[in-house]
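Enquirer: Pasting a structure below so you can have a look.
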Amino acid sequence: MLEVRDLSVKYGNFTALHAVSLSVQPGEIVVLLGANGAGKSTLFRTLSGLQRPAGGTATWKGTALTGGKPEFNVSHGVAQCPEGRLLFPELSVEKNLRLGAYVHRQDRAGTERGLEQVYALFPDLIAKRVAPAGSLSGGQQQMVAIGRALMARPQLLLLDEPSLGLAPLVVEQVLAAVREINAQGVSVLLAEQNAFAALSIAHRGYVLESGHITLQGPSPALLGDDRVRSAYLGV
Ligand code: ATP
(Lines give C-alpha, C1' and ligand atoms only; values in the text may rest on other atoms or scores of the structure.)
Protein backbone atom coordinates (compact mmCIF):
# COMPACT_ATOMS: atom_id res chain seq x y z
CA MET A 1 0.00 0.00 0.00
CA LEU A 2 0.91 3.68 -0.30
CA GLU A 3 1.88 5.12 3.06
CA VAL A 4 2.63 8.83 3.26
CA ARG A 5 3.72 10.07 6.67
CA ASP A 6 4.35 13.65 7.73
CA LEU A 7 5.47 14.59 4.24
CA SER A 8 6.67 18.18 3.89
CA VAL A 9 7.75 19.87 0.68
CA LYS A 10 9.27 23.31 0.34
CA TYR A 11 10.00 25.61 -2.57
CA GLY A 12 12.68 27.83 -1.07
CA ASN A 13 11.12 29.39 2.03
CA PHE A 14 7.58 28.50 0.95
CA THR A 15 6.11 25.32 2.43
CA ALA A 16 3.78 23.73 -0.12
CA LEU A 17 2.99 20.58 1.94
CA HIS A 18 2.85 20.60 5.74
CA ALA A 19 3.35 17.15 7.30
CA VAL A 20 0.83 15.44 5.03
CA SER A 21 -0.18 11.89 5.98
CA LEU A 22 -2.39 9.65 3.87
CA SER A 23 -2.66 6.11 2.61
CA VAL A 24 -4.00 4.12 -0.31
CA GLN A 25 -4.76 0.45 0.29
CA PRO A 26 -4.47 -2.14 -2.50
CA GLY A 27 -7.63 -2.04 -4.62
CA GLU A 28 -8.74 1.41 -3.52
CA ILE A 29 -9.62 4.55 -5.44
CA VAL A 30 -8.77 7.47 -3.17
CA VAL A 31 -9.59 11.03 -4.19
CA LEU A 32 -7.64 14.10 -3.19
CA LEU A 33 -9.81 17.21 -3.28
CA GLY A 34 -8.34 20.67 -3.20
CA ALA A 35 -8.57 24.07 -4.84
CA ASN A 36 -5.97 25.46 -7.24
CA GLY A 37 -2.67 25.78 -5.44
CA ALA A 38 -3.60 23.50 -2.51
CA GLY A 39 -0.59 21.30 -3.24
CA LYS A 40 -2.06 18.34 -5.13
CA SER A 41 0.45 18.45 -7.99
CA THR A 42 3.28 18.94 -5.51
CA LEU A 43 2.24 15.76 -3.71
CA PHE A 44 2.04 13.82 -6.99
CA ARG A 45 5.38 15.10 -8.18
CA THR A 46 6.90 14.03 -4.88
CA LEU A 47 5.36 10.55 -5.08
CA SER A 48 6.72 10.27 -8.64
CA GLY A 49 10.24 11.09 -7.50
CA LEU A 50 10.33 14.41 -9.36
CA GLN A 51 10.41 16.53 -6.20
CA ARG A 52 12.45 15.83 -3.07
CA PRO A 53 10.64 16.30 0.24
CA ALA A 54 11.99 18.43 3.08
CA GLY A 55 10.77 15.85 5.60
CA GLY A 56 8.63 12.79 6.17
CA THR A 57 8.32 9.55 4.24
CA ALA A 58 6.39 8.07 1.33
CA THR A 59 6.51 4.35 0.62
CA TRP A 60 4.79 1.95 -1.75
CA LYS A 61 4.71 -1.61 -0.37
CA GLY A 62 7.58 -0.61 1.90
CA THR A 63 9.80 0.85 -0.85
CA ALA A 64 10.72 4.53 -0.44
CA LEU A 65 9.49 6.74 -3.30
CA THR A 66 11.47 9.80 -2.26
CA GLY A 67 14.90 8.91 -3.64
CA GLY A 68 14.56 11.42 -6.47
CA LYS A 69 14.68 8.84 -9.29
CA PRO A 70 11.39 8.83 -11.25
CA GLU A 71 12.36 5.73 -13.25
CA PHE A 72 12.90 3.82 -9.99
CA ASN A 73 9.37 4.68 -8.84
CA VAL A 74 7.86 3.63 -12.18
CA SER A 75 9.75 0.34 -12.18
CA HIS A 76 8.46 -0.28 -8.62
CA GLY A 77 4.85 0.00 -9.73
CA VAL A 78 3.99 3.69 -9.30
CA ALA A 79 3.10 5.61 -12.47
CA GLN A 80 1.81 9.13 -12.83
CA CYS A 81 -0.53 10.64 -15.39
CA PRO A 82 0.35 14.33 -15.01
CA GLU A 83 -1.93 17.34 -15.06
CA GLY A 84 -2.10 18.83 -18.54
CA ARG A 85 -1.36 15.41 -20.10
CA LEU A 86 2.12 16.39 -21.37
CA LEU A 87 1.89 14.36 -24.57
CA PHE A 88 4.28 14.71 -27.48
CA PRO A 89 1.80 16.40 -29.88
CA GLU A 90 3.76 15.68 -33.07
CA LEU A 91 4.22 11.98 -32.31
CA SER A 92 1.52 9.47 -33.16
CA VAL A 93 -0.86 8.17 -30.52
CA GLU A 94 0.86 4.80 -30.62
CA LYS A 95 4.35 6.26 -30.21
CA ASN A 96 3.15 8.25 -27.19
CA LEU A 97 1.73 5.06 -25.71
CA ARG A 98 4.93 3.11 -26.38
CA LEU A 99 6.95 5.74 -24.50
CA GLY A 100 5.05 4.75 -21.36
CA ALA A 101 6.52 1.23 -21.61
CA TYR A 102 10.08 2.57 -21.42
CA VAL A 103 10.91 0.75 -18.18
CA HIS A 104 9.80 -2.54 -19.79
CA ARG A 105 11.67 -1.94 -23.06
CA GLN A 106 13.24 -5.43 -22.92
CA ASP A 107 9.82 -7.07 -22.89
CA ARG A 108 8.48 -6.46 -26.40
CA ALA A 109 5.68 -9.03 -26.18
CA GLY A 110 4.51 -7.43 -22.92
CA THR A 111 4.44 -4.03 -24.59
CA GLU A 112 2.30 -5.34 -27.46
CA ARG A 113 -0.10 -6.90 -24.95
CA GLY A 114 -0.18 -3.60 -23.06
CA LEU A 115 -1.11 -1.73 -26.23
CA GLU A 116 -3.98 -4.12 -26.90
CA GLN A 117 -5.22 -3.59 -23.33
CA VAL A 118 -5.13 0.20 -23.74
CA TYR A 119 -7.06 -0.02 -27.03
CA ALA A 120 -9.59 -2.35 -25.37
CA LEU A 121 -10.08 0.23 -22.61
CA PHE A 122 -10.24 3.19 -25.02
CA PRO A 123 -11.66 1.90 -28.35
CA ASP A 124 -11.87 5.51 -29.61
CA LEU A 125 -8.08 5.44 -29.93
CA ILE A 126 -7.96 2.51 -32.35
CA ALA A 127 -8.79 4.63 -35.39
CA LYS A 128 -6.29 7.25 -34.21
CA ARG A 129 -3.27 4.96 -33.83
CA VAL A 130 -1.14 6.80 -36.40
CA ALA A 131 -2.62 10.28 -35.93
CA PRO A 132 -0.46 12.91 -34.22
CA ALA A 133 -1.55 13.06 -30.56
CA GLY A 134 -1.94 16.83 -30.86
CA SER A 135 -4.70 16.41 -33.47
CA LEU A 136 -7.03 14.56 -31.03
CA SER A 137 -9.86 16.04 -28.97
CA GLY A 138 -9.15 16.93 -25.33
CA GLY A 139 -10.92 13.82 -24.09
CA GLN A 140 -9.01 11.54 -26.47
CA GLN A 141 -5.71 13.17 -25.45
CA GLN A 142 -6.58 12.43 -21.84
CA MET A 143 -7.19 8.80 -22.82
CA VAL A 144 -3.74 8.69 -24.43
CA ALA A 145 -2.18 10.17 -21.29
CA ILE A 146 -3.87 7.60 -19.05
CA GLY A 147 -3.00 4.85 -21.54
CA ARG A 148 0.64 5.91 -21.55
CA ALA A 149 0.75 5.65 -17.74
CA LEU A 150 -0.86 2.18 -17.96
CA MET A 151 1.85 1.03 -20.39
CA ALA A 152 4.21 1.16 -17.40
CA ARG A 153 1.99 -1.58 -15.83
CA PRO A 154 1.46 0.27 -12.55
CA GLN A 155 0.08 -1.17 -9.35
CA LEU A 156 -0.62 2.39 -8.20
CA LEU A 157 -1.77 5.02 -10.68
CA LEU A 158 -1.42 8.71 -9.73
CA LEU A 159 -3.97 10.63 -11.77
CA ASP A 160 -3.67 14.41 -11.62
CA GLU A 161 -6.89 16.20 -12.67
CA PRO A 162 -7.89 13.90 -15.54
CA SER A 163 -11.17 15.77 -16.12
CA LEU A 164 -9.62 19.23 -16.42
CA GLY A 165 -11.19 21.15 -19.29
CA LEU A 166 -13.37 18.27 -20.51
CA ALA A 167 -17.08 18.38 -21.29
CA PRO A 168 -19.32 16.63 -18.71
CA LEU A 169 -20.05 13.65 -20.95
CA VAL A 170 -16.34 13.12 -21.59
CA VAL A 171 -15.58 13.46 -17.86
CA GLU A 172 -18.01 10.60 -17.25
CA GLN A 173 -16.29 8.49 -19.91
CA VAL A 174 -12.83 9.12 -18.43
CA LEU A 175 -13.96 8.38 -14.88
CA ALA A 176 -15.72 5.20 -16.04
CA ALA A 177 -12.36 4.12 -17.48
CA VAL A 178 -10.70 4.88 -14.12
CA ARG A 179 -13.22 2.62 -12.45
CA GLU A 180 -12.49 -0.12 -15.00
CA ILE A 181 -8.72 0.24 -14.47
CA ASN A 182 -9.31 -0.11 -10.73
CA ALA A 183 -11.51 -3.18 -11.28
CA GLN A 184 -8.54 -4.73 -13.10
CA GLY A 185 -6.53 -4.46 -9.87
CA VAL A 186 -4.80 -1.07 -10.05
CA SER A 187 -4.96 1.19 -6.97
CA VAL A 188 -5.67 4.83 -7.83
CA LEU A 189 -4.90 8.15 -6.19
CA LEU A 190 -6.97 10.74 -8.02
CA ALA A 191 -6.59 14.51 -7.70
CA GLU A 192 -9.74 16.29 -8.80
CA GLN A 193 -11.54 19.58 -8.64
CA ASN A 194 -14.63 17.91 -10.05
CA ALA A 195 -15.54 16.73 -6.55
CA PHE A 196 -18.94 15.21 -7.15
CA ALA A 197 -17.85 13.03 -10.06
CA ALA A 198 -14.64 11.98 -8.28
CA LEU A 199 -16.36 11.11 -4.99
CA SER A 200 -18.92 9.07 -6.88
CA ILE A 201 -16.20 6.64 -8.04
CA ALA A 202 -13.79 6.83 -5.05
CA HIS A 203 -13.87 4.67 -1.94
CA ARG A 204 -12.37 7.35 0.30
CA GLY A 205 -11.08 10.86 0.07
CA TYR A 206 -8.94 13.56 1.61
CA VAL A 207 -9.29 17.32 1.43
CA LEU A 208 -6.06 19.27 0.99
CA GLU A 209 -6.11 22.99 1.85
CA SER A 210 -3.00 25.17 1.65
CA GLY A 211 -0.78 22.13 2.07
CA HIS A 212 -2.68 20.65 5.04
CA ILE A 213 -5.01 17.64 5.10
CA THR A 214 -8.11 19.15 6.71
CA LEU A 215 -10.70 16.41 6.25
CA GLN A 216 -10.77 12.73 5.40
CA GLY A 217 -13.30 9.95 5.25
CA PRO A 218 -15.30 7.52 3.13
CA SER A 219 -16.79 9.11 0.00
CA PRO A 220 -20.41 9.05 1.22
CA ALA A 221 -19.39 10.90 4.40
CA LEU A 222 -17.48 13.55 2.41
CA LEU A 223 -20.40 13.95 0.00
CA GLY A 224 -22.61 14.67 2.98
CA ASP A 225 -20.16 16.96 4.80
CA ASP A 226 -21.26 20.62 4.88
CA ARG A 227 -17.70 21.91 4.45
CA VAL A 228 -17.16 19.77 1.35
CA ARG A 229 -20.60 20.66 0.03
CA SER A 230 -20.01 24.41 0.28
CA ALA A 231 -16.35 24.46 -0.82
CA TYR A 232 -16.29 21.78 -3.53
CA LEU A 233 -19.83 20.87 -4.50
CA GLY A 234 -21.21 24.39 -4.75
CA VAL A 235 -24.24 23.65 -2.55
P1 ATP B 1 -3.19 23.18 -9.39
O2 ATP B 1 -4.41 22.38 -9.49
O3 ATP B 1 -3.39 24.63 -9.76
O4 ATP B 1 -1.99 22.57 -10.06
P5 ATP B 1 -2.21 22.19 -6.93
O6 ATP B 1 -3.11 21.87 -5.80
O7 ATP B 1 -1.74 21.07 -7.76
O8 ATP B 1 -2.87 23.27 -7.85
P9 ATP B 1 0.57 22.87 -6.61
O10 ATP B 1 0.80 23.04 -8.05
O11 ATP B 1 1.07 21.67 -5.94
O12 ATP B 1 -1.00 22.99 -6.31
O13 ATP B 1 1.11 24.17 -5.86
C14 ATP B 1 1.08 24.30 -4.43
C15 ATP B 1 1.67 25.62 -4.04
O16 ATP B 1 3.08 25.61 -4.32
C17 ATP B 1 1.11 26.82 -4.79
O18 ATP B 1 1.03 27.91 -3.90
C19 ATP B 1 2.14 27.09 -5.88
O20 ATP B 1 2.16 28.46 -6.21
C21 ATP B 1 3.43 26.65 -5.19
N22 ATP B 1 4.43 26.14 -6.16
C23 ATP B 1 4.25 25.10 -6.99
N24 ATP B 1 5.38 24.86 -7.70
C25 ATP B 1 6.28 25.79 -7.30
C26 ATP B 1 7.64 26.07 -7.65
N27 ATP B 1 8.29 25.35 -8.55
N28 ATP B 1 8.24 27.10 -7.01
C29 ATP B 1 7.58 27.84 -6.09
N30 ATP B 1 6.32 27.62 -5.70
C31 ATP B 1 5.66 26.60 -6.30
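The values are calculated or read from the model by the stated rules, or taken from the named source; none is laboratory data. Owing to the predicted nature of the structure, the values given are computational and were not obtained by experimental measurement. Backbone-built Cβ (ideal geometry, glycine too); neighbour counts: all protein chains shown. With ligands, DNA and RNA removed, areas are computed over all heavy atoms of the protein, side chains included. Shrake-Rupley method; radii C 1.70, N 1.55, O 1.52, S 1.80 Å.
Enquirer: Looking at the range 155-221, what strands (runs of 3 or more DSSP E) fall wholly within it and have at least 1 residues that are among the acidic types (D, E) and either open to solvent by 30 Å² or more (accessible area, probe 1.4 Å) or within 15 Å of the ligand (Cβ to nearest atom) (or both)?
Expert: Of the strands (runs of 3 or more DSSP E) lying wholly inside the range 155-221, those with at least 1 residues that are among the acidic types (D, E) and either open to solvent by 30 Å² or more (accessible area, probe 1.4 Å) or within 15 Å of the ligand (Cβ to nearest atom) (or both) span 156-160, 187-192, 204-209.
Enquirer: Quick check on my filter: what residues within the range 176-202 are more than 22 Å from S41 (Cβ to Cβ) and either of a type outside the set (A, V, I, L, M, F, W, C) or touching a Cys at 6+ places or on another chain (Cβ under 9 Å) (or both)?
Expert: R179, E180, Q184, G185, S200
Enquirer: If only one of E71, E94 is more than 16 Å from the ligand (Cβ to nearest atom) and open to solvent by 40 Å² or more (accessible area, probe 1.4 Å), which one is it?
Expert: E71
Enquirer: Given the condition buried (at least 22 other Cβ atoms within 10 Å of the Cβ), within 16 Å of the ligand (Cβ to nearest atom) and not in a helix (DSSP H, G or I), answer yes or no: does some residue in the range 118-137 qualify?
Expert: No, the conditions are met nowhere in the range 118-137.
Enquirer: Say we look at the range 10-52 and pick out the residues that are farther than 20 Å from G205 by Cβ and more than 8 Å from the ligand (Cβ to nearest atom); which of these is most open to solvent (accessible area, probe 1.4 Å)?
Expert: Within the range 10-52, the match that is most open to solvent (accessible area, probe 1.4 Å) is N13.
Enquirer: Name every residue in the range 38-69 that is in contact (Cβ under 8 Å) with a residue 24 or more places away in the chain and over 27 Å from R85 (Cβ atoms), in order of residue number.
Expert: Correct list: A54, G55, G56, T57, T59, K61.
Enquirer: Is one or more of the residues making up the range 95-117 closer than 26 Å to N194 by Cα, in contact with a helix residue (DSSP H, G or I) (Cβ under 7 Å, 6 or more places away or on another chain) and among the basic types (K, R)?
Expert: No: the range 95-117 contains no residue that is closer than 26 Å to N194 by Cα, in contact with a helix residue (DSSP H, G or I) (Cβ under 7 Å, 6 or more places away or on another chain) and among the basic types (K, R).
Enquirer: Further question: Can T59 be described as closer than 16 Å to L158 by Cα, more than 16 Å from the ligand (Cβ to nearest atom), among the polar types (S, T, N, Q) and open to solvent by 10 Å² or more (accessible area, probe 1.4 Å)?
Expert: yes
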